[in-house]
1. Need one number: the % of Cα-Cα pairs in segment 235-287 sitting beyond the 14 Å mark.
2. How far apart, in nm, are two points set 7 Å out from the Cα along the Cα-to-Cβ line at Asp298 and at Gln285?
3. Find out how many positive minus negative residues lie around Pro199, taking Lys and Arg as positive, Asp and Glu as negative, among other residues whose Cβ is under 15 Å from that of Pro199.
4. If you put +1 on each Lys and Arg Cβ and -1 on each Asp and Glu Cβ, how big is the dipole of segment 2-114 around its Cα centre, in Debye rounded to 20?
5. Subtract the Cα-Cα distance of Leu149 and Lys124 from 0.36 nm times their separation in residues, and report this length gain in nm to one decimal.
6. May I ask which of Lys294/Lys347; Lys156/Lys236; Lys13/Lys410; Lys124/Lys294; Lys300/Lys364; Lys4/Lys100 have a Cα-Cα span longer than 19 Å here?
7. Under a 10 Å cutoff between Cα atoms, tell me which one of Gly390, Gly282, Gly121 has the largest fluctuation in the Gaussian network model of the chain.
8. Evaluate 2.2 N^0.38 Å with N set to the residue count of segment 207-329, then give the Cα radius of gyration divided by it.
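Quick note: the coordinates plus some simple rules give every number you see, no bench work behind them. None of these values were measured; they are calculated from a predicted model. With ideal geometry, Cβ positions are generated from the backbone for all residues, glycine too; neighbour counts draw on all protein chains shown.
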Amino acid sequence: MNIKSSEVKEKSKVELIVEVSREEYDEATDEAFRKTRNNISIPGFRKGKAPRRIIERMYGDSAFHNDALDIILPKALVLIGEESSLRIIGNPSVSGIDTKKDEGGLDVTFELTVYPEVILGEYKGLSAAKPPVEVLDSEVDGEIEAVRLRNARIEKVERPAKNGDVAFIDFDGYIDGEQFDKGSGENFELHLGSNTLIPGFEEKVLGMTVGEERDLDLVFPDDYTAELAGKPVLFKVKLKELEERIPPDLDDEFAKDVSEFDTFEEYRSDVRKKILEVKQSGADQAFEDALMGKLIEDAKIDVPDVFIDDQLGKVADNYYRQIYAMGMDPLKYLQMTNTTPESFREKMRAESERQVTLALILEKIAEVEDINVSEEDVENEYIKAAELYGKEIDEMKESVSEEELIHDIKLKRAARIVLDSASVETNDAHDAPETSEASDMEAGKE
């Protein structure tokens, strides 16, 4: 038995032919005969005593062919593993068996998926644009105003409803005179001006007084759920209660109530600093994403579909867990967004392929750079993970294997090599905001 040929196809597929000699095939057929003879009855012979040639004369030369293959194929796979030097992914499949009638023996064609070859482009000294970072006064004002409204004093009022009020309403929805499913609500808390409900609903509630009832003639938007999109609807609404939010003054007392600071100016500076940190983190991430994109663009790699499908499964599982955590059924949520599990997976396929490709490239960089991970590194990583997720170290070790952790550390260190050697592309358009960023940082230090 020997490997006759090996041909690389697309998507890291390999077609490999194993040649089985006449002697090996005959030996496997003999073994198959010995294993199955006791189950064969031939007239004129006691069960299990008929000679092989008699059985083959009665049932044909291939009587033991399939049983012989069951003996040959595992041996062929061992041969491939020992002599091919291929990094095989998953289980090889048999795509063809050619019986050589003249010379005897077989040619067995296997289809394998192998670990893809990664040819790196340049990965050191790269450059990419970095979004400018500045914090506008309006952004600081907006953040403070949101905190101010959350801390507003609540008073019931009897006047006509206006934007900013909270209206507690009962409503029933009708289409063509019939109530429709999930079109009703009681004591619904509607924040006027929030645009929570369909366009026009809140505007028509403005001016209502407690106890008043109104009919609201509206139309569902075209991008609403399929069964309601574009349809006229009548909502019968009753205003049961109206509350006014009276926000506190923006002074030192407000700062003391909502933060650890004694003055409003200190609090305002801290808000600016935190917005800046978030924006800076976003800019750093965008810079890193751009660099990783260049790695992918410059590398040559044919990613196997099995890798992409595996990543797609992980992405889908994570997404469904998030939906469950919000108290919703994932399948019903997909229906609400006019999405099927198949279309969702297809939408996520490109990103999954990018993630897999990047991981393979970083693996190659780790190999080229001879990145090693010590036992101390692994232990420290377990400690950090345990602190992050609020678990015991032993619990983390049970949920994350050491092999998986080492792989993750190597990828992070490979990415760090790329980042540490990279530079930010500068131009006149980006220079000015950098100055603003510096001044914002100084403001944060004050």
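1. 68 percent
2. Here the answer is 2.5 nm between the modelled labels.
3. -3
4. Dipole of segment 2-114, to the nearest 20 debye: 700 debye.
5. This chain segment gains 4.1 nm when fully extended.
6. As for pairs spanning more than 19 Å Cα to Cα, those are Lys294/Lys347; Lys156/Lys236; Lys13/Lys410.
7. Most flexible of the set in this elastic network: Gly390.
8. Working it through for segment 207-329, the quotient is 1.89.
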